[in-house]
Each structure stands twice: as structure tokens, then as C-alpha cells.
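Derivation of every value follows stated rules applied to the coordinates shown; laboratory data play no part. Since this is a predicted model, take the numbers as computed values, not measurements. Positions of Cβ are generated from backbone atoms using ideal geometry, with glycine treated the same way; all protein chains shown enter the neighbour counts.
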């Protein structure tokens, strides 16, 4: 919901940072892989209840996720880069609820499972729509230049980052946050399925 509104705010500083990264010899794929590795380190950090460190690692991952695309736009955007970006993003997103389940299985496990279940709904509907849109030659740049069609919804990347930030700042609230956000994810999934039903025959 907020991704399109965030683009004008985050793109200019990302472009400047990307220009510096290119001069330093960084590649888009290298940043993608490094950011993913950093993001996965949030699993043990959160599991051992080092929530502040987990938050830093999550934010570094998200910075890398924005930076790799900016670097690609300054150099060469490839299908491999687009594939890596989206595949590793979905793995990272599901890793954070898993980490909270490890931190406190009794309090968090069921809520974590529901949130990951909900992420499957948003992720599958997003990717299925993108495949069909590509077949029909549809495109959109409302969320910046992307390697595939980005269909919006109530819960997008910005909202998911906000969830993770809140969960790290208020870890005892994780179950409540997960149940609420998961429910919102299912609203997003339903609207995407409806959009696909209407758009494709």
C-alpha cells in the first residue's frame, strides 16, 4: 500500500549510494547475495533474543535490497539479478517469523506459523499475477523499475518492514502483531486473486 509513496523518498539517496558503490566496484548480484547473508544472521540474533541486533541486520538487508536494484539500473539489469532478488526476498521474509518462533516457541510458534502461511498467500498470488502479466506484455513502474510486474496490495514491502521493526522493538507483542498482519495479508491475497480473475481469461 505504501511502496509507491515511498519511492520518491528513497530513490534519490539510493541512487547516490549506488553510484558510489559502482565506483567502488560493487555489483548488483554481489550486493543481493551479501544482503541476503546479512539478513539470515537475524535468525540467530532474534532466536537468542538479541532483538536490537536483529533489527539492525533486518534494516541492513532491506538497504541492500534497495541498493542492488539501484546498482543494476546504473550498470546492467539482468534476468538472473531479478530472479535472485525476488527469490531471496521471499526466503528472508519468512525467516523472521521463524526466528521469533525459535526465540519463544510457547508464545510465538502458532502465530509465526500463521504469518508464514499468510506470506505464502501474498507471495503466490503476487508471482502468479506477475507471470500472467508478463505473458500479456503488461508492465508498471509505479513502484520503480522492476524485473517483473508488481501488483500492489494492503501489505507490501514497506508494511512488512514496519512489522519487523515493531516486532523487534516490542518482542512480547509479536503474537498479536503476527495475527493482525497475517489477517491483513489474506485481505491482500483476496484482492490480488480478484484482480487476476478480472484481468485474465
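In this simple spin-label model, placing a label point 7 Å from the Cα along the Cα-to-Cβ direction at both residue 176 and residue 138 gives a separation of 3.8 nm.
For the chain, what is the mean residue ellipticity at 222 nm derived from helices alone (per DSSP H run of n ≥ 4: -39500 (n - 2.57); sum divided by total residues; nearest 500 deg cm²/dmol)?
Values: 8 runs with 159 residues, N = 201.
It comes out at -27000 deg cm²/dmol, rounded to the nearest 500.
Compared with the rule-of-thumb size 2.2 N^0.38 Å for a compact globular protein, the chain has a Cα radius of gyration ratio of 1.03. Subtracting the Cα-Cα distance of residue 34 and residue 201 from 0.36 nm times their residue separation leaves 56.1 nm of extension gain. For the chain, the relative contact order is 26 percent, taking Cα pairs closer than 8 Å that sit 6 or more residues apart in sequence and dividing their mean separation by the residue count. Peptides 85-98, 16-29 ranked from most to least packed by the mean count of surrounding Cβ atoms within 10 Å: 85-98, 16-29.
With a Förster radius of 30 Å applied to the C-beta separation of residue 109 and residue 83, the computed FRET efficiency comes to 0.45.
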